[in-house]
Structure formats: structure tokens, C-alpha cells
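Nothing in this text is a laboratory measurement; each read-out follows from the coordinates by a stated rule. Keep in mind the model is a prediction, meaning the values are calculated, not measured. Virtual Cβ from ideal backbone geometry, glycine too; neighbours counted across all protein chains shown.
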Amino acid sequence: MNCESTQRLMYEAVDRTLAPDERRLVDTHLTGCERCRAEMAVLDALIETVETTPPAEPSDAFLANVMASLPAPEPSPRFAPSVVFPRVAFAATLVAAALIWLYREVFAELVGNFLPVQAVIGPVATVIGDLQAYVQTQVAAVAESLPEPISTSLDWGSLLLVVTTLAVGYVLVRTAETLGVGNPDIQAGRRY
Amino acid sequence: MDLSDEELVARARKGDRPAFAQLVDRHRVSVFNLTLRIVGNREDAEEAAQDVFVRAFRSLDRFRGDARFATWLYRIAVNVSLSSARRSRRDLSTSSLSEPEDDDDGLPMQIPDTSANPAERFEQAEYREQVRNLVSALPPIYSAVISMYHIQSLSYDEISEALELPIGTVKARLFRARAALRNLVSRSMEPDSLS
């Protein structure tokens, strides 16, 4: 093996990845060639110097600078900080609708006169009059045990008010879910 | 009890900044030394190393754990350092993962006269400093592979992942990097270069 071939293998020999038979060829050449032996020594010393040079230290402010450069944390939700908010809102809507229905006579005094409900419902009420009478009887039977001023008559205006309340509640809940109000996952940009 | 990198990453993903601070503290020296070898000066290297951690924080959701966290960091560090080197000290054509065009087989053009050992001609500390500077003076890809293999003690597999290069290519570049470093050392030891 000549000097050029040996030098080529030296660069692999320094990280000890040379195959055993190639290593033997290199060693044999080095035994008889002072120049290559010296070059191998220099190369070994150079690599050892690279590997044993102490690492440089970054400045003392490095960690603080990194942490100060991180993007600001997401603001925490200001309203209803709970993932159960939509469910709570939906339950509240149901309770509100039930109260409106039970106390519909009181509500009718407050808002009923301003709703053109009877004009809209009248024709339909004629068609389903028998059904109304039946439901009224059943409701009256159930309501006998309830304290005043719970209503016992079937009032289409109040019924429409309850339905409207449920619809508004549903829209609010869906909007809250879409916007992620109270849901930290959605606030952080993650979806369900 | 020290948490593993992966556990700290999981916490940092949930917004635990002290956990991320631990990761920074744990890897700041190795990342800084890698950027220093590639960029070549402390000021730019420190800025690049800080940028590495900020980018890592923003990309934590993309760290899948297939590789070690350190290897993933080194990949970011190499990319950031090459961009920084391109802006500062290096010629545009050499600041990439490609090799220098005028580099033939990477071996010294001739067998240098090694009758005097460089280590004997310099004080050890001075010699170390010179070698450190010469590693930084290599083309960026050579600085990167020498730093990762000989200083960070990464395996060929890890360097391959960090540089996104085949293992065979990593080995070839490491071979040429050593030869290029040896050439630089020879030139720097010539009497003219010492004046």
C-alpha cells in the first residue's frame, strides 16, 4: 500500500470505523513509513484536540433572553371558564322555558298584549281545537296540585313564547360552542 | 427528580413555561456550540441559538418524538445557523448543505511536511483556540458534521436525521471535513501565516 492510499484510510481510521483488514494494511504501512506515521500522529492529535476542547458557554443572560422572546401566552377566558358552559346554558334555557310555561299568565300580562300571536295562531287553533281541549283537561288535572299562580289554561301565545325561548337558547348555545367560550382547547386553537 | 426531555416537552406543550426553561437550560450549551462552529462568532451564534429555542417552542406541536428532542433541536440549529452564516460571514454559495464546488476529494493536495508537530509549536491553549477557529472557518456543512460527530458525539444515524441526509453522504462529508480541517491546519502552521 502506498502513501496516498494510506492517507485516504487515515481519515477513516481516526474514528475507528476502519475494517480490521484495512486497519492492518494501514498499520503495516505506518511501520515502514516515517512520514505517514508522523501524519497519522498529527491527525490523531488534531481530532483529539477537537474532541477535548472545552465547550464554549453562552452568556449568563441566555436563558432569560430566550424566555423573554417566547410568544405571549394565550389570555385565559374571561367568561365562564369551564368546558361545561354550553351544557349549563342549555339547562338554564330549559328551566327558563319551563318557568315561562308555568307562569305564562303572569308573562302574558307583561308581554302578551304586544304579541300578535292570536292573529297568527287563530286559524291553526280552530283546526286543532279538539286537541287543545284534551291537552287543557290533562294539564288542568296535573296542575291541580300546583300552588297559585301557576297557570292551568293552554295559551298559544305563551306556548309560542316558550318555543321562542328554547330556540333563542339553542342558538346561543351553538354560538358559544362555535366560539369556544369557556373551552380552553378551542381558545388555544385546538378543535374537539 | 429530573424529568426526561419528552416529559418536559409534553408539559411545555400545555403551556408550562418553566418546563420549557428546563429544556433550554439543558441544551443551551450544545446548541450554542453547534451554532458557534457554523456561524463563527459569538454574538451571531448566541443570537442564532436563542432563535433556535424560540422556533422550537413555536413548533413543539410538530415534534412527534420519532427522534430524540436534542436531534430535533440540532436540525433547527443547523438551518438557523446556515441562514445566519449566509447573512454574515459566508459566501452565499457555500452556506448550504451542499459541498464546496472546488473541493475535489477533500484530501490534502500533497502530503504535508509534518516533521514538526503543531502541538509542539504552540502553547496548548493557543493551539486549541486556533483549531476551534479553524473548525468555524470550514465550509458550513463541514463545520456542522465535525461539530456534531466529534464535539456533540452524535452517531451517524443522528447526524443523518438532523441534516436530513443519507448516512453514506454523512460519512463522506465527515471524511472530507476532516481532510479540509487538516489542510487548514497545515496552511495555518506555515511561517507566512504566523506573521
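With a cut-off of at most 11 other beta carbons within 10 Å, and DSSP calling the residue loop, which trypsin sites (Lys or Arg not before Pro) in segment B:1-95 qualify? Please list them.
Answer in residue order: B:LYS14, B:ARG64.
Taking the simple approach of a point 7 Å from Cα along Cα-to-Cβ for both A:SER5 and B:GLU129, what is their distance in nm?
If labels sit at A:SER5 and B:GLU129, their model points lie 4.4 nm apart.
Subtracting the Cα-Cα distance from 0.36 nm times the residue separation, let me have the gained length for B:ARG26 to B:ARG87 in nm, one decimal.
Answer, rounded to one decimal: 19.1 nm.
Once label points are set 7 Å from the Cα along Cα→Cβ at both A:ARG35 and B:GLU43, what is their separation, rounded to one decimal in nm?
4.6 nm
If I take R0 = 30 Å and measure r between the Cβ atoms of A:TRP156 and A:ALA92 in this structure, what FRET efficiency does the formula 1/(1 + (r/R0)^6) give, to the nearest 0.05?
The value I calculate is 0.75.
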